[in-house]
Amino acid sequence: MASSNKLKAGDKFPAIEATLLDGSTVTLGKPQGDANWQAVFVYRGKHCPLCTRYLNALEGFKQAFSEAGVEILAVSADSKPQLETHLTQLNISFPIAYGLSEAQMKTLGVYISLPRSEQETDHNFAEPGLFVVNEHGKLHVVDISNNPFVRPELGALANGLNWIRDPNNNYPIRGTFDY
């Protein structure tokens, strides 16, 4: 039986780099703009129509995330040519990276799937994951799934992050009790 190391709420987010379309690298969990939190959306890849719909829907919540002080970044294990092809189906303005390695997927603790055929894709890929990293580099929200049908509802997520980030609520990282 295989074991896995899932990241837990409150963990220091690992230093993982991926590549943007322009060839520059981005460090997951390290915001580049005005926000001091980052939501890292791990998606399956261009072969997944549900990922395409989810990423396009995410664009509609970009402003709500920004107002909460949370930057958006999406990443997959796709190659540069696969991302270039996928971008023809996407209408997004947030950064999207490619080249997530299997070792990086394991570090993140996401579920990894084998392609069903070469027509699906040519590499093992990550199932969906969401990692919201706070200004201290700690994992504040984590959500991983073993299939593309279960993902956070974006309106509830954006509203929840806005509530968490409100200093009047003094909302701690939840789920840190270790037994």
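Brief remarks follow.
- Applied to the range 93-99, the Karplus parametrisation 6.51 cos²θ - 1.76 cosθ + 1.60 on θ = phi - 60° returns per-residue 3J(HN,Hα) values of 10, 8, x, 9, 10, 9, x Hz, with x for Gly and Pro.
- Derived scalar couplings between HN and Hα for the range 108-118 equal 6, x, 6, 6, 10, 10, 8, x, 6, 6, 5 Hz in order, rounded to whole Hz, by the Karplus curve 6.51 cos²θ - 1.76 cosθ + 1.60 (θ = phi - 60°), x for Gly and Pro.
- Å² of accessible area per residue within the chain, as computed with a 1.4 Å probe and no ligands counted: 54 Å²
- Over 27 Å (Cα to Cα) - which of 6/30; 8/80; 46/138; 12/80; 12/46 fall in this group: 8/80; 46/138; 12/80; 12/46
- Accessible surface of the chain, 1.4 Å probe, proportion on carbon and sulfur as whole %: 49 percent
- Binning the alpha carbon pair distances of the range 1-50 at 10 angstrom intervals from zero yields the distribution 18, 41, 34, 7, 0, expressed in whole percent.
- Largest to smallest in accessible area, the residues 166, 22 fall in the order 22, 166 (1.4 Å probe, all protein chains included).
- Taking the range 53-108 and dividing mean pair separation by its residue count, relative contact order in percent (alpha carbons under 8 Å, at least six apart): 42 percent
- Counting only DSSP H runs of at least 4 residues, each contributing -39500 (n - 2.57), and dividing by the residue count of the chain, the helix-based mean residue ellipticity at 222 nm comes to -7000 deg cm²/dmol.
- Descending semi-axes in whole angstrom, ellipsoid equivalent of the range 93-179, from the Cα gyration tensor: 29, 15, 13
- When you filter the trypsin sites (Lys or Arg not before Pro) in the range 1-87 for DSSP loop state and at most 16 other Cβ atoms inside 10 Å of their Cβ, you are left with 6, 8.
- Where N is the number of residues in the range 27-179, Cα Rg divided by 2.2 N^0.38 Å: 1.03
- Close amide H partners of residue 37, meaning residues 5 or more places away or on another chain with modelled amide H under 5 Å apart, are 71.
- Relative contact order computed over the chain (Cα-Cα under 8 Å; 6+ residues apart), in percent: 29 percent
- Farthest positive-ward along the range 56-117 dipole, Cα basis, beta-carbon charges - from 58, 92, 107: 107
- Integer Hz, Karplus 6.51/-1.76/1.60 couplings in order for the range 151-163, x for Gly and Pro: 8, x, 6, 5, x, 5, 4, 4, 5, x, 5, 4, 5
- Cα-centre dipole for the chain with unit charges at Cβ (Lys and Arg positive, Asp and Glu negative), debye to 20: 320 debye
- Angle between the chain longest axis and helix 49-59 axis [Cα atoms, degrees, rounded to 10]: 40 degrees
The values are calculated or read from the model by the stated rules, or taken from the named source; none is laboratory data. Owing to the predicted nature of the structure, the values given are computational and were not obtained by experimental measurement. Every residue, glycine as well, gets a Cβ built from its backbone with ideal geometry; the counts of neighbours run over all protein chains shown. Protein only, heavy atoms only, side chains kept; ligands, DNA and RNA dropped before computing areas. Shrake-Rupley method; radii C 1.70, N 1.55, O 1.52, S 1.80 Å.
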